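For reference, the structure is listed below as structure tokens.
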Amino acid sequence: MDLLRAIAIGVLFGIALYQLLRRNVIRIAIGLVILSNAVNLFLLSVGAYNGVVEAYAKAVGQRSDALPQALILTAIVISMGGFSMMLALLYVIASRYRTGDSDEVRGLSH
Amino acid sequence: MLTLAFPLLACTVGALAAVLPTVLPATTRLSSRALGWLLSGAPLVAFIYLAAQLPHLFEGHVITWQFAWLPALGLNASLYLDGLSVLFGLIVTGIGALVLIYAGYYFDPALSHAPAAGDAHASLASQGSTTSDARFFLYILLFMASMLGLVLAGDVITLFVFWEGTSVTSFLLIAYKTKDAEARKGAFKALFVTGAGGIALLAGLLFVAAIGGGSDWATILSSRDVLRASPWYPVLLALIAFGAFTKSAQAPFHFWLPTAMSAPTPASAYLHSATMVKAGVYILARLHPALGNTELWFWLLAVAGATTMLTGAILGLRQVDLKAVLAYSTISQLGVLVMLIGEEAPEAFKALTIGVLAHALYKGALFMIVGIVDHTTGTRDLRRLGRIWRAMPLTFVVCSIAALSMAGLPPLFGFLAKEALLAAEIEEVLPAMMRVILPALTVLSGAFILAQAGTLALDTFVTPPGAGFFKTVVDLPLTGEGRDDPEDVETIDRSKPARPHLKETLLAQDPPAGMLIAPAALAALSLVITVFQPQVFTDLLASAASAAYGVKVKVSLDLFHGLNVPLLLSALAIGLGVVVFRLRSPIRSVAGPALSMNALYERTLNTIDRLAGWATRTQGGRIRIYLTVILMALFGLLALFGNLSQLLSAPPFARLAAAPLDDLLDPLGFLRAFSLILAVAAALVSVVIRRDFLAILALSASGLAVAVLIALEPSPDVALVQVVVDLLSTVILVLALSHLPIAQLARAEALNHRDRACMLRNTILAVIGGAVVTTLCLYAFASRPRESVVTPFFEQNAKPLTGADDIVGAVVVDFRGFDTLIEISVFSVAGVGVFTLLRYAMTRREALRAQPEEEAPAPSQALFRVSPALYGIDGKRASPFIHALAYLAMPLAIVLAAVQIIHGHHEPGDGFTAGVTLSLAVGFWYVVFGFAGVRRRLRGLRPGLLIGLGLLIAVIGASAPMLLGGAFFSPVDFGAVLRLPLPEGVYFSTSFLFELAICLAVFGASLFIIDALGHPEGEAE
């Protein structure tokens, strides 16, 4: 299972990199979201306990590790904020330069 | 009780007082004269305070003051007052008060005869002070505070802070005439040179503090043996000397000082003569007991000082601008002072303190006189000035006294300074060779300085214009405040009897008495000290010299010590000086040195510019190319240093190979594998699919698969957040997409599958990146700890400490509550940021819209069209069924949110999910009813208000426990405290308040985002 997880996270990361390297700004935005998903998945997978029940005080049995979960919770929210900010920037840039091609967005003259 | 910080405080308060009147209308303000008199009270108070400490200091005591600045780092801001610092402190505050009085007159528009004097002063009809004057007073008082802090500083860090403060305020004062390119250039040069020195000084002082075992003076001064024995001694000495030499304009770093004369004359008098340039001298004198008395110290300071002394003396005589003459003679005197610190003899330190005070007195006076001449005649050009002593007799008298002191003639204080200097140079402690060379150089430069003093007093006031120059005035640039007026450039023909009066000289007249007070006071003091020899001055100089030397030094102010070597040398210097003065015309016509530091400086700056230009040429402006380079460099580094062979044969891989995929067989494992594959496959689809809209849907699917994976962890809270965030991301992505012009989108979309070479390169990079991350994951999974330290603590204490069943919720809201508060603040800022960014873009887009669209958007190309101004998708009115759904969704979302807030502490869900759920419902409405429809239906919805309310509740909720004796963010169940009758499972507690706050803030921020992206750009309104 660990092997499968590692490969999956690696592939997600690779896909994110590929998207980030493209010219179309929308694909770049997509790449960013996939990247944060991959990282969150990684964080979730390095918890100390392989839980079988959720992390509740009343639950009986091996609980899942609460610490990485809390961290991811914060990470998701912050990356959401960052993502919307980036999207707004892309939107402004795209409408200023009248293009969705990142290669045409260059120079400060516009 | 008054502490040592008091004088600093006084100057700072003065600085504030200088700016306050600018809020009043110009006509009701004080005149700049009155302002000058008033503000001079601040340094005067400081002066009196320092003077009051004198008796205590004369007994050999030291006064200190400390303030714990950063106790965790052991950093204190401390002040330290001994004989040396009080001498400098009195000079700073005393001359400071006089300069302020003088400046009030200097900036008075009524007094200026120069046509374009200053900037706006002359043209202002009102007699009130201008904001420009206020700016000057502010800068100079801030400088005063910095300078005072510098000399009073009790440790190296405090000293450095104030040191930089003087550099910055000096920059502001040099560039005071902001419209003058030369002034700006001079200011930058000064900042560049002294700033570089400041960095070196900091490094050197930190060395001293580290080796000496403490940063305060007492520790440093008592660890002289350790410091001098340290192998780092040459390094730290070089660093400190560099800092001191640049600040005190020692050759070859002297070149910034003459160009700094573009500052207003009161600033030049104060900063670039009496006080700031002495900072380097001060630090050397201060550190002398700790670092001095070595061969290196002597040679470094003696050579640099002697060179500077001679350079300044000779170059000064060549100047035609009065202020430049003064600048070079200042450089020369600074050289003298540095040279003296190098010598290990009580005589030298006696000469040092006398030299510091004498120079401050006569040079301050001379600068102010030059300012007066410049002000009344409109020029500072020596070739245009002359024969004005009848018109301004008082000024002439004051000037003569100061110039006599500068020339070193008895009975003035300057004579004593030169005597002491010469006496120090024939001390036994010096190497035999230097006992000859140094006096010889001193006599020579003394002669030149005397000639300079003669120039200042005689060429300006007595001799006819142009005397002392071979060249004529034609085509010579004017150096004064008055700008060149073609018709008043006149030729002076030396064959004819000199034309007695240029236009400038006719304007000459004595200034009002108030303007003369300051220079007169300083000049008079030069006389009083030697004639009456007040005991307080003797004690002051002796205690300063003792502090700098480290052992008690005796000082006497007697002018005549019998017929001895110094007296003879002094007489020789005076005789030689008279000769130099007579021969000034031929000396001036000798060509200047070929190599000038100024040219070197210019060349260095130009080279830096060129290199920068060359470096930026590699910046193509394509972001993906940058990213490619970064990734390639990263992978290259990994290949070089990553030790791959060892990595791949390491135990984790062996272990994984031994037990592969065994846990896939249980049902949970099977589900996990399935959702992993789903997440990857959907992400892959988002790469290969052609249409952007479908790619976004694929992304959304991938995100949901990740949510399933999280839910299987099992971790329901995080899974919920992941679901709502994934949905919200999709919604705003679609909204953004729907607003970009369709033609653009189609063009961008067409790019997706062009350019095979690029695709191949990107694929290779992506595969390598994926492989690296996979390896990283394998390592992390194989070597992760199986026992956590923190998690068991949370598990055991969540219920007893916070009353929460939900451990993750307890961590987020209670254990790491402060983190979460910051997190929602960041999210709120992001929301506000998106909103302002897009609103700003909207206004700018109006201009762009005016240009014709090159391609008309063809409806058939539409990817997905939400026209928010109209109704629903593709401009079609949504069906009644969808309407009904929308009306149902909103109350449902509200109930859902309420449940999550109330029960979030015990069941899955939290305030964040609640907030996003609500905003998703609103987003749904945007799609169904359109922008205008939502606005009409939800009129009272104010995102900004929601954010503010949320953050306010969060802070109040977190602070409330403090009222009940708890700490910030400690959990309290108010329901139990107030005995509220609440139903089972419902708590009115801090965590409930915090969840509510999170919900409100997140709802507000998401609304901002949706609102900004869903805005129809003026189509509907």
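Would you mind telling me which numbered condition in (1) over 44 Å from the mean Cα position of the chain (by Cα); (2) facing chain A (nearest Cβ under 9 Å); (3) open to solvent by less than 30 Å² (accessible area, probe 1.4 Å) B:R747 fails?
(3)
Please specify each residue of the range A:43-81 satisfying the condition of being surrounded by fewer than 18 Cβ atoms within 10 Å (Cβ to Cβ), within 7 Å of chain B (Cβ to nearest Cβ) and more than 20 Å from B:Y779 (Cβ to Cβ).
A:V53, A:K58, A:I78, listed by residue number.
Under 6 Å between Cβ atoms, which residue pairs at least 6 apart in sequence (or on different chains) link something in the range B:891-910 that is more than 14 Å from chain A (Cβ to nearest Cβ) with a partner that is acidic (D, E)?
Listed pairs, sorted by first residue: B:I901/B:E995.
Does any residue of the range A:4-15 turn out to be more than 7 Å from every other protein chain (Cβ to nearest Cβ), surrounded by fewer than 24 Cβ atoms within 10 Å (Cβ to Cβ) and out of contact with any Lys or Arg (no Cβ under 7 Å at 6 or more places or on another chain)?
no
Pick out the one residue from B:D225, B:D180, B:D216 that is touching a strand residue (DSSP E or B) at 6+ places or on another chain (Cβ under 8 Å) and of a type in the set (D, E).
Of B:D225, B:D180, B:D216, the one residue that is touching a strand residue (DSSP E or B) at 6+ places or on another chain (Cβ under 8 Å) and of a type in the set (D, E) is B:D216.
In this structure, is B:R384 basic (K, R) and open to solvent by 30 Å² or more (accessible area, probe 1.4 Å)?
For B:R384, the condition - basic (K, R) and open to solvent by 30 Å² or more (accessible area, probe 1.4 Å) - is not met.
What's the number of the only condition in (1) crowded, with 17+ Cβ neighbours inside 10 Å; (2) touching a residue at least 12 places away in the same chain (Cβ under 8 Å) that B:I623 fails to meet?
So the condition that B:I623 fails would be (2).
Just to confirm my filter: which helices (runs of 4 or more DSSP H) fall fully inside the range B:532-611 and include at least 3 residues that are at pLDDT 90 or above and open to solvent by 60 Å² or more (accessible area, probe 1.4 Å)?
B:565-582
Kindly check whether there is at least one residue in the range B:979-989 that is among the acidic types (D, E) and without any contact (Cβ under 8 Å) to a residue 12 or more places away in the chain.
Yes - at least one qualifying residue is present in the range B:979-989.
Which residue is surrounded by the most Cβ atoms within 10 Å (Cβ to Cβ), if the candidates are limited to the range B:300-318 and must be more than 15 Å from B:E425 (Cβ to Cβ) and among the hydrophobic types (A, V, I, L, M, F, W, C)?
Across the range B:300-318, the extreme among qualifying residues is B:A313.
Return yes or no: is B:F137 modelled with pLDDT of 65 or more, within 15 Å of B:A10 (Cβ to Cβ) and assigned by TED's automatic domain parsing to the domain that holds B:L57?
Considered against the rule, which asks whether it is modelled with pLDDT of 65 or more, within 15 Å of B:A10 (Cβ to Cβ) and assigned by TED's automatic domain parsing to the domain that holds B:L57, B:F137 comes out as yes.
Considering only helices (runs of 4 or more DSSP H) fully contained in the range B:635-692, which possess at least 1 residues that are open to solvent by less than 90 Å² (accessible area, probe 1.4 Å), within 11 Å of chain A (Cβ to nearest Cβ) and at pLDDT 70 or above?
Correct list: B:667-688.
Please work out if A:V46 is over 25 Å from B:G803 (Cα atoms), over 14 Å from the mean Cα position of the chain (by Cα) and β-branched (V, I, T).
For A:V46, the condition - over 25 Å from B:G803 (Cα atoms), over 14 Å from the mean Cα position of the chain (by Cα) and β-branched (V, I, T) - is met.
Hey, among B:V832, B:V826, which residue is more than 7 Å from chain A (Cβ to nearest Cβ) and closer than 20 Å to B:L949 by Cα?
Testing whether each residue is more than 7 Å from chain A (Cβ to nearest Cβ) and closer than 20 Å to B:L949 by Cα leaves just B:V832.
Output the number of the condition that B:H906 fails; it satisfies all remaining conditions of (1) under 29 Å from B:V812 (Cα atoms); (2) out of contact with any Asp or Glu (no Cβ under 6 Å at 6 or more places or on another chain); (3) not in a helix (DSSP H, G or I).
With respect to (1) under 29 Å from B:V812 (Cα atoms); (2) out of contact with any Asp or Glu (no Cβ under 6 Å at 6 or more places or on another chain); (3) not in a helix (DSSP H, G or I), B:H906 is out only on (2).
Checking the conditions here, which among B:V773, B:V718 is facing chain A (nearest Cβ under 7 Å), touching a residue at least 24 places away in the same chain (Cβ under 8 Å), buried (at least 20 other Cβ atoms within 10 Å of the Cβ) and closer than 17 Å to A:L44 by Cα?
Answer to the check: B:V718.
Within the range A:33-41, can one find any residue that is within 30 Å of B:Q744 (Cβ to Cβ), more than 7 Å from chain B (Cβ to nearest Cβ) and small (G, A, S)?
yes
Being open to solvent by 20 Å² or more (accessible area, probe 1.4 Å) and within 20 Å of B:G817 (Cβ to Cβ) narrows it down to one residue among B:L963, B:L980; which is it?
B:L963
In the range B:179-221, how many are among the hydroxyl-bearing types (S, T, Y) and in contact (Cβ under 8 Å) with a residue 12 or more places away in the chain?
The qualifying residues number 2.
Residues that are open to solvent by 10 Å² or more (accessible area, probe 1.4 Å) and over 26 Å from B:A547 (Cα atoms): find the helices (runs of 4 or more DSSP H) completely inside the range B:160-278 holding 3 or more of those.
B:181-212
Modelled with pLDDT of 85 or more, buried (at least 16 other Cβ atoms within 10 Å of the Cβ) and closer than 12 Å to B:L1000 by Cβ: does that describe B:A958?
no
Of (1) under 22 Å from A:V39 (Cβ atoms); (2) in contact with a helix residue (DSSP H, G or I) (Cβ under 8 Å, 6 or more places away or on another chain); (3) within 8 Å of chain A (Cβ to nearest Cβ), B:S783 satisfies all except one. Which?
It fails just one condition, (3).
Would a scan of the range B:788-798 turn up a residue that is touching a residue at least 40 places away in the same chain (Cβ under 8 Å) and over 20 Å from B:G911 (Cα atoms)?
No, the range B:788-798 has no match at all.
B:D755 versus (1) buried (at least 21 other Cβ atoms within 10 Å of the Cβ); (2) at the interface with chain A (Cβ under 9 Å from one of its Cβ atoms): which is the lone unmet condition?
Unmet condition: (1).
The values are calculated or read from the model by the stated rules, or taken from the named source; none is laboratory data. Model, not experiment: these values are computed from the prediction. Every residue, glycine among them, receives a Cβ derived from its backbone with ideal geometry; neighbour counts consider all protein chains shown. Just so you know, the surface numbers come from the protein's heavy atoms only, side chains and all, with ligands and any DNA or RNA stripped out. Shrake-Rupley method; radii C 1.70, N 1.55, O 1.52, S 1.80 Å.
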